[in-house]
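Only one structure is covered here, and it is reproduced in the block below.
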Amino acid sequence: MRDRVRVVVQGKGRRSWHVRRAGLAGVLWAAGELAVTVGVVVMLLVVHQVWWTNRQALSAAHEMVRELEEAAPPSGWPEDGPQDGPADGAQEEPAGAASADGSAGSDGSSGGAPGNSGPRAGKPPPRESAYGILRIPRLGVAVPVAQGVDKRSVLDKGYAGHYAGTAQPGAEGNFAVAGHRNTHGEPFRYINRLRAGDELIVEVRGKRYVYLVGQTLAETTERDTGVIAPVPRSIVRPGAGYSEPGAYITLTTCTPEYSSKYRLVVWGTLKR
C-alpha cells in the first residue's frame, strides 16, 4: 500500500495576513519613534522655558541690581527725588509673570496720582529702563524696577514693571508694579507668603522708601483695574482694598502658579 503524502499549500489569504501584520508592526514602530521624538522635543522646550530662561533672567536681574547699587544717580530724576505724577510706561499687559509667574495682566490705570506734598514732579526715567530696586526681605528678593509692563522688554528680563500712570516711589497715590510668578526670574513667585507688617523696600537714587504689607487679595480677574488705582480697591471684590488716600504700593502677579487665569495682589502702605 502506497504511503499517502499530504502537501499543505498556504493560500494567498494567509500570506496576505502576514504581510498586513508586518506592515502594521512597522507603522506602530514608526509611530512610537515619532512619539518619543516629539516627547523629547517637548521636554527640551519645557526645560528651556522653565529652567534656562529662568536662570538667564535671574542672573541678568542680579547683575542689574549690582549695577544700580554701584551706579551714579540715573539721569532724568530731579535732585530731591522721583516725580509723583503720571509715568510714561508701556501700555501692554504684563504676564507672571510674570509669567508670572509670567505670562498677560491687569491694565494700567489711566489716571495719575493725586496731588501731594511728597517729592516734586520731574521728568520720569526712560521707558523700560531699570531705575530702582525693590527688596522683599522676607523672601530674600532684590529685583530691578523698570518703567512699563511690557513682557519682552521688562518682565521677561526678570524685572518688576512699573504700571503707567501710577505714582512713583514715596509719593502719594499708588506705586504699582507687576512681576512674573513663574519663569523669567520669577521675582514674585512667593509673594503669597507675605504677611501683614512685612517690609517692601524701594530704593531709588540713594533714597529708601519702606512700605509695610497691609492686605493680600488672593485672586481677582486680570481686568480688575481698581487694584492699581490711586486708592487701591478691587472692583471685582469690593471688600478688598482701601478707602482713604495715602501712599501705597501694589504688587501684582499671575495665579495659580504656571497659569495666567487670575491675579494675585499684595498691598502695602508707606511707613512714615
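What follows draws every value from the coordinates through simple rules; no lab data is involved. Bear in mind that the values here come from a model prediction, so they are computed numbers and not experimental data. Glycine gets a Cβ as well: all are built from the backbone with ideal geometry, and neighbour counts include every protein chain shown.
Would you kindly calculate the translational diffusion coefficient of region 181-221, applying Stokes-Einstein with the Kirkwood radius from alpha carbon pairs, for 10 °C and a viscosity of 1.306 mPa s, and quote it in µm² s⁻¹ without decimals?
In µm²/s, the coefficient is 131.
Ordered by packing density, taken as the mean number of other Cβ atoms within 10 Å over each peptide's residues, highest first, how do 243-250, 171-178 rank?
Ranked by mean Cβ neighbours within 10 Å, highest first: 171-178, 243-250.
Going by Cα centres, region 136-167 and region 196-259 are how many Å apart?
Each part reduced to its Cα centre gives a spacing of 14 Å.
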